[in-house]
Amino acid sequence: MGNKLKLAVAEPTLAGAATTDVAETLFFSFNASYIAYAHTICAYTAFLSAFVVGCYLHYYKIVENASFGYPDEWFPSVSATIGDRYPERSVFQVVIAVTSGPRFLLLAFNFVKLYKPNSAKPWLALISGVLRTFTCGGWVYITSTDDHDFHDIFMILYLVLTIPWTVFVTIASPKGSTVRTGRFYTAVTFFGTLVPLVYWFIQHKVHVRPGAYSIYAYFEWSLVLWDVAFDAWSILDFSDIEIRIFSTGVAFAPAKKTLAAAKTETKTQADEFSTVEFLVNLINAYIFWTVITALLLCVWYFPLWYMGLSGYEVTIISIFVPNIFLAFPFIRNFFARFPLVGRTLTVIFGIGAYKLEDPEQKLMAVTAGTFFAIASFVTEFWALSTQPKKFTSFSTTFIVGLLTTTVLKYVFYSNNPVWPIMHEANGGYNATGIFVGLLGAFFTPSVIAPASTKTVQRSGGSLLLASVGFAGYFYSIQAYLGDSGTLVTWIWEGFPIRGATPITGGIVFFIAFIFGVIAALKVNSKVLSSIYYNLIVGGGSAIVFFNLKGWNGFAGAALHVLYLASITPIIFEGLVGFNPGAAFFLGFLIDILISLGSIWVVAYAFVPGGPLLRERMDLIVIVSFALILLGVLNYNLRIQSSHITKLNQGKNLFKQTLTVLTVLLAISASTFIKRYPTVPYKPYNEESRSFTAGIWCVHFGLDNDMWSSETRMKNLIEEAQVDIIGLLETDTQRMIGGNRDFTQTIAEELGMYTDYGPGPNKHTWGSALLSKFPIINSTHHLLPSPVGELAPAIHATLDIYGELVDVVVFHSGQEEDVEDRRLQSLGIRDILGSSNRPRVLLSYLVTEPLTGNYNTYVSEESGVYDIDSTDWDRWCEYILFRDLKKVAYARISRSTITDTELQIAKFKLLTDEQKEANDIDFLYGNHYVNEEDIDENLRMPQLFRGDGVRGHRYHVFDEPRYFAP
């Protein structure tokens with residue numbers, strides 16, 4: 001007997017088999033919305049997979065057009081992505097073919113769902129939809145490479161048929177329904193996008209404007225997103241149709257829901273974040289944190305070059321100024337009703353800033369991005385505060401977004417891969433960040449608060465307490481949770497290793513962070529807001545990590561990470577009910593003041609009023625934590641007055657969060673395994689038993705054009721075959737440095753041990769020692785600085801070919817503070833003079849050769865000699881040594897990496913005969929020889945002779961200097 005298709009108006013029962021002569025068996029049933037889900041997922045996957053494969057394999061080719069290529073053009077068009085190259089073309093065509101099944105089913109069910117007797121609208125929608133699908137096949141399978149004219153003809157027909165398809169489907173939808181409203185706005189946005197699309201195409205084709213085609217491509221891809229999104233509304237439309245597969249046929253029936261249950265579910269779902277919404281808000285949170293942390297990092301570039309306040313620091317007002325505008329309800333309502341606007345502009349300006357080569361323009365773009373990031377965050381906070389479950393989900397994605405940022409920084413050696421200081425050449429994934437960010441922006445749902453409940457009616461507490469609590473909390477999570485290695489550098493005390501490293505500490509940091517997020521969701525809010533929890537766990541952990549070192553100090557740091565993550569809902573709930581513009585204006589303003597204070601503690605020599613906060617990081621920690629306590633107090637006052645007994649959670653929130661946390665932990669664990677060193681490091685010229693030492697002031701890892709410079713630094717160090725190097729101006733584990741550590745990239749990729757020197761809590765600009773040889777022991781020093789900036793030093797003992805050699809890395813104070821530099825020279829003299837081992841000083845001395853403090857560094861008391869006392873052109877960098885045989889000395893130009901050259905010297909250990917002879921003139925004098933007199937395996941790299949490579953060449957002498965072997 002043939003199968004039957006049964007269309008049921010009322011729900012059929014399994015006894016429906018009475019209409020046949022055999023018993024019916026129900027195989028399975030499913031909701032018709034899965035058809036729309038399948039269509040949406042397959043369609044997006046087709047385009048996204050082609051985009052990812054195309055960018056990975058043929059990026060430079062698919063962004064190129066008839067007029068321009070990269071870097072003038074940077075974003076590929078849809079046609080170039082899906083049709084120009086193999087295998088992305090094949091990937092797209094295969095997946096889009098899979099989409100055809102759900103597509104035709106979607107057309108059929110749209111017709112069934114929208115059908116009305118004596119109405120032509122469903123028929124016109126069906127006919128135009130079918131024709132439109134066939135024209136889609138035309139431009140998909142006839143690519144622009146195959147036949148440009150036919151490809152364009154089918155594309156134009158497709159767009160023309162989109163008009164009746166969207167119009168008739170929309171007007172046939174029930175009046176006043178969410179589906180009809182959604183389809184209307186999606187269609188309007190689709191056709192509205194055609195206007196800038198045409199404009200930028202004309203700019204490209206007629207005016208031949210560089211970059212116009214990439215901007216055109218943004219809108220072209222937007223059309224794809226809106227096109228598929230229009231059909232995605234069928235997910236809601238089909239949700240009340242159930243498809244049942246029987247042994248004798250297929251039946252369509254209403255889904256099992258009573259009217260009352262449907263209303264209850266609808267009301268519940270309105271206050272639930274779906275998994276898609278959760279992921280979208282997680283993306284938005286990641287973009288938010290990326291842009292916010294980029295602002296101070298980009299601002300920092302300018303005072304570095306001005307050696308003081310530059311005026312560009314005023315851009316930080318973009319963090320609190322947006323809240324002035326949000327005090328006006330019509331502006332607040334606009335951003336809430338159209339979150340796409342704020343989120344898109346955040347991505348375009350904040351992430352897209354990397355396309356701007358000029359540092360000033362880049363900073364201005366990041367400033368604009370920050371403005372819209374804050375506006376979007378505050379608006380969504382305000383609107384969702386009327387929907388308790390969604391609000392809790394929003395606060396959760398906010399803190400998990402920060403965790404996502406730190407995990408990705410762990411993967412990328414403490415750099416956020418989509419920061420505007422990153423680009424493809426130094427490991428950036430900016431284009432991917434823009435694409436993902438725009439996905440988050442496009443799919444952010446409207447969060448407009450009901451007009452009758454624009455604020456939650458609560459009493460108790462005060463706006464001031466809420467704001468200062470948020471300020472302390474926001475500063476703390478950005479300063480301490482912004483990178484997994486930040487607090488590691490606070491407790492680091494040198495070799496032998498007695499505590500966490502950025503690799504081992506990172507995985508502990510993430511576990512603590514994850515437990516903090518779980519605690520925020522599962523631990524009773526009365527516990528999290530109790531005075532005992534906050535003082536013992538929060539305050540106690542702060543005292544421990546600030547005062548102790550090694551694993552004990554790091555245990556306190558990990559507990560403090562857990563604490564800060566766990567109180568997120570307390571701080572957020574305490575802000576609910578206040579005017580968002582006023583509350584966040586004050587909160588972000590105070591946050592900026594604390595942040596500036598955390599800079600003033602080390603920059604006191606360059607800023608007005610600096611001495612008031614000189615070396616007072618303890619005050620910053622105390623004040624920020626005290627403000628958090630005031631925020632917790634505010635929460636307690638509000639729950640007592642408003643009878644808030646429990647934070648509201650959706651039924652799926654914990655599952656969604658736990659899934660994301662598991663993925664992030666898996667990424668962290670795999671990165672830990674990948675990065676953990678398993679083999680001993682080896683020097684470059686082991687067979688010659690020599691080693692090359694170098695000194696370099698690297699300007700906080702930002703090059704002259706505001707790009708992160710560690711990749712270029714690594715390349716030069718590797719090509720110069722430097723085995724031991726002292727790096728100065730390395731303390732970037734602060735908010736102004738982006739909470740990053742560029743030595744990780746250099747050390748791990750070159751295979752070097754690292755001593756990070758005095759940490760951020762020691763108020764120096766930083767010094768680091770990287771060595772191919774094992775570091776047996778190291779001690780950190782802060783040299784006397786009664787007036788000016790603190791001078792850090794590292795005194796390390798290395799095992800070089802079985803012999804212990806002392807290496808000292810030192811950064812002297814600034815030129816203006818004469819007494820400071822005199823006292824510091826005495827301190828280094830004593831450190832060098834205290835050793836009876838061979839020793840090397842890699843230093844930044846701020847003195848001229850043969851005069852002044854130079855004669856303290858090079859003296860009988862210090863016991864060291866100058867690598868080349870005839871080199872008169874030095875002012876800052878010096879290499880001094882003792883009980884080693886100098887082989888060669890060279891100066892390599894910096895290109896645009898920093899403002900200081902790389903100085904290197906090659907040494908050999910003394911033989912027993914040389915030690916016994918102790919010929920001072922032979923060992924330390926300047927007996928120059930020609931390179932031909934030196935064994936080939938002892939010569940400096942030939943790469944830097946003449947014009948050199950990438951702007952690096954031997955200069956001053958135009959070649960290395962060699963000394964008698």
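Looking only at segment 118-127, decide whether some residue is closer than 21 Å to Ala43 by Cβ and of a type outside the set (A, V, I, L, M, F, W, C).
no
I'm trying to understand the selection: among the residues of segment 691-732, which are basic (Lys, Arg) and under 17 Å from Leu769 (Cβ atoms)? Show your work before the answer.
Taking segment 691-732 as the starting set, the residues that turn out to be basic (Lys, Arg) are 712, 714.
Lys714, the sole residue that qualifies.
Which residues, taken from segment 603-648, are within 24 Å of Ile477 (Cα to Cα), crowded, with 18+ Cβ neighbours inside 10 Å and at pLDDT below 85?
Leu647
Restricting attention to segment 122-156, which residues are charged (D, E, K, R) and under 25 Å from Tyr37 (Cβ atoms)?
Of all residues in segment 122-156, those charged (D, E, K, R) come to 132, 146-147, 149, 152.
Hit for segment 122-156 is Arg132, nothing else.
Looking at the structure I just gave you, is Ile543 surrounded by fewer than 19 Cβ atoms within 10 Å (Cβ to Cβ), under 22 Å from Gly757 (Cα atoms) and free of Cβ contacts under 8 Å to residues at least 24 places away in the same chain?
On the way: surrounded by fewer than 19 Cβ atoms within 10 Å (Cβ to Cβ): yes; under 22 Å from Gly757 (Cα atoms): yes; free of Cβ contacts under 8 Å to residues at least 24 places away in the same chain: yes.
Here the answer is yes, as Ile543 does meet what is asked.
Scan segment 934-949 residue by residue and report those that are part of a helix (DSSP H, G or I) and of a type in the set (D, E, K, R).
Filtering segment 934-949 down to residues part of a helix (DSSP H, G or I) leaves 936-938, 942-944.
If the condition is that a residue be part of a helix (DSSP H, G or I) and of a type in the set (D, E, K, R), then Glu936 is the only one that fits.
Give the residues of segment 388-403 that are over 16 Å from Tyr473 (Cβ atoms) and surrounded by fewer than 22 Cβ atoms within 10 Å (Cβ to Cβ), sorted by residue number.
The answer is Pro388, Lys389.
Among the candidates Thr870, Thr851, Thr847, which residue alone is in a loop (DSSP other than H, G, I, E, B) and within 43 Å of the chain's Cα centre (by Cα)?
Working: Thr870 fails: within 43 Å of the chain's Cα centre (by Cα); Thr851 fails: within 43 Å of the chain's Cα centre (by Cα).
Criteria check complete, one pass: Thr847.
So which residues in segment 546-572 are polar (S, T, N, Q) and either surrounded by 21 or more Cβ atoms within 10 Å (Cβ to Cβ) or in a loop (DSSP other than H, G, I, E, B) (or both), if there are any at all?
Going residue by residue through segment 546-572, those that are polar (S, T, N, Q) are 547, 552, 566, 568.
Hits for segment 546-572 are Ser566, Thr568.
Anything in segment 424-433 that is in a loop (DSSP other than H, G, I, E, B) and closer than 15 Å to Ile348 by Cα? List them, or say none. If you could, list the steps in order and put the result at the bottom.
Step one: list which residues in segment 424-433 are in a loop (DSSP other than H, G, I, E, B), which gives 427-429.
If the condition is that a residue be in a loop (DSSP other than H, G, I, E, B) and closer than 15 Å to Ile348 by Cα, then Tyr429 is the only one that fits.
Taking the condition in contact with a His (Cβ under 9 Å, 6 or more places away or on another chain) and either surrounded by fewer than 24 Cβ atoms within 10 Å (Cβ to Cβ) or at pLDDT 95 or above (or both), does Ile828 pass?
Values: in contact with a His (Cβ under 9 Å, 6 or more places away or on another chain): yes; either surrounded by fewer than 24 Cβ atoms within 10 Å (Cβ to Cβ) or at pLDDT 95 or above (or both): yes.
In short, yes.
So, in segment 141-174, exactly how many residues are within 23 Å of Thr189 (Cβ to Cβ) and either crowded, with 19+ Cβ neighbours inside 10 Å or without any contact (Cβ under 8 Å) to a residue 40 or more places away in the chain (or both)?
Within segment 141-174, residues that are within 23 Å of Thr189 (Cβ to Cβ) and either crowded, with 19+ Cβ neighbours inside 10 Å or without any contact (Cβ under 8 Å) to a residue 40 or more places away in the chain (or both) number 18.
Can you report the number of residues in segment 409-442 which are among the hydrophobic types (A, V, I, L, M, F, W, C) and surrounded by fewer than 22 Cβ atoms within 10 Å (Cβ to Cβ)? Steps first, please.
Step one: filter segment 409-442 for residues among the hydrophobic types (A, V, I, L, M, F, W, C), giving 411-412, 418-419, 421-422, 425, 431, 434-436, 438-439, 441-442.
Add one more test, that the residue is surrounded by fewer than 22 Cβ atoms within 10 Å (Cβ to Cβ), and what stays is 411-412, 425, 435-436, 439, 442.
Qualifying residue count, segment 409-442: 7.
Could you say whether any residue in segment 731-742 is surrounded by fewer than 24 Cβ atoms within 10 Å (Cβ to Cβ), among the acidic types (Asp, Glu), at pLDDT 95 or above and closer than 30 Å to Tyr354 by Cβ?
No, segment 731-742 contains no residue that is surrounded by fewer than 24 Cβ atoms within 10 Å (Cβ to Cβ), among the acidic types (Asp, Glu), at pLDDT 95 or above and closer than 30 Å to Tyr354 by Cβ.
Would you please name the residue that is farthest from Ala232 (Cα to Cα), looking only at residues in segment 166-217 that are within 35 Å of the chain's Cα centre (by Cα) and among the small types (Gly, Ala, Ser)?
The selected residue is Gly211.
The values are calculated or read from the model by the stated rules, or taken from the named source; none is laboratory data. These numbers were taken from a predicted model, which means no experiment stands behind them. Every residue, glycine among them, receives a Cβ derived from its backbone with ideal geometry; neighbour counts consider all protein chains shown.
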